[in-house]
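In what follows, a structure is listed as C-alpha cells, so that the remarks can point back to it.
A short reminder: the numbers here are calculations on the coordinates, not readings from a lab. All values reported here derive from a predicted model rather than from experimental measurement. Note that we place each Cβ from the backbone using ideal geometry, even for glycine, and neighbour counts take in every protein chain shown.
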C-alpha cells in the first residue's frame, strides 16, 4: 500500500527480540522511580540513574547540576536502546531529533537498518515502538535539522490506548496513555513519527 509517496509498513508479525528487551528495561526503570511513590530528578537517592542515562546512554559526562537541569529524556531513550542491544543501528544522542531523523531517513531509503520511522496514520502501534512528538512549532515528518521533540517507548497496547514510558516526564520516569483507534493507530495529532524496532 502506498501512503504519502512511500510504501506503508504493513508487516504483521510479533515484536522483535530487541523490542522485548527494551520493554523490560523501560518497565524496570519505571518501577525503580515509582515503587515507593514517584521520585523526582533532584532526589539524591535516584541521581545515579540519571547519571547512568547521560553517561551510558549518550556518553555525556557533565557535572551533577547540569545532568539534573538539562532535559534527559533523549538520554533515557538512548540508555534503554543501548542496554537492549541496539548496537550501531541506533543513533544514540542527547537530542531526540537525531535518532528520529535517522529512522525517517532509513525508511525513505528503504535500507537495511532495522529502525524505521513512519507517519502515525500509516502504522498500527505495537509494543516496543518509539512514539514521538515535537516540542516546537513547525515540526513535521519531513523536517530537517535539529528540533525540540520528545519520544517514549510503548510498553503495552490496550483496546483504546497505548501505554508508554518516557524519561524526564514530570521530572521523573513516567507512563503516558496515548489514544488509539480500532486499528491501533494513534489518534492524537501531536504525534508525528512512530519508530518501528525490528532488530532481532
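Summary table
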item	result
Estimated inter-spin distance, residue 159 and residue 70, nm [label 7 Å along Cα→Cβ]	4.5 nm
In degrees, nearest ten, helix 17-34 long axis to first principal axis of the chain (Cα)	40 degrees
Candidates 21, 101, 135: whichever shows maximal mean-square fluctuation once the chain is modelled as a Gaussian network with Cα springs under 10 Å	135
FRET E, pair residue 59, residue 32, Förster distance 22 Å, beta-carbon r, rounded to 0.05	0.50
Descending Cα extents along the principal axes, the chain, whole Å	51, 35, 34
Angle in degrees between helix 96-109 and the longest Cα principal axis of the chain, rounded to the nearest 10	20 degrees
Fluctuation leader among 126, 20, 112 - the chain, Gaussian network, Cα springs under 10 angstrom	112
Relative contact order %, the chain, counting alpha carbon pairs below 8 Å whose residues are six or more apart	26 percent
Share antiparallel - DSSP beta bridges, the range 2-197, percent rounded to 5	95 percent
Proxy reagent accessibility, fewest Cβ within 10 Å first, across 32, 39	32, 39
Inter-centroid distance (Cα atoms) of the range 10-49 relative to the range 93-128, Å	20 Å
Order of 155, 100 under a 10 Å beta carbon neighbour criterion, fewest first	155, 100
Candidates 73, 84, 137: whichever shows maximal mean-square fluctuation once the chain is modelled as a Gaussian network with Cα springs under 10 Å	137
Stretchable slack from residue 175 to residue 142, in nm (0.36 nm times residue separation minus alpha-carbon distance)	9.1 nm
Contour excess over end-to-end distance, with Cα ends at residue 17 and residue 45 and 0.36 nm allotted per residue	6.9 nm
Three-way shape label, the range 115-197, alpha-carbon gyration tensor, a/c 1.5	oblate
Share of alpha-carbon pairs per 5 Å distance bin for the range 36-134, given as whole %	2, 12, 20, 21, 18, 12, 8, 5, 1, 0
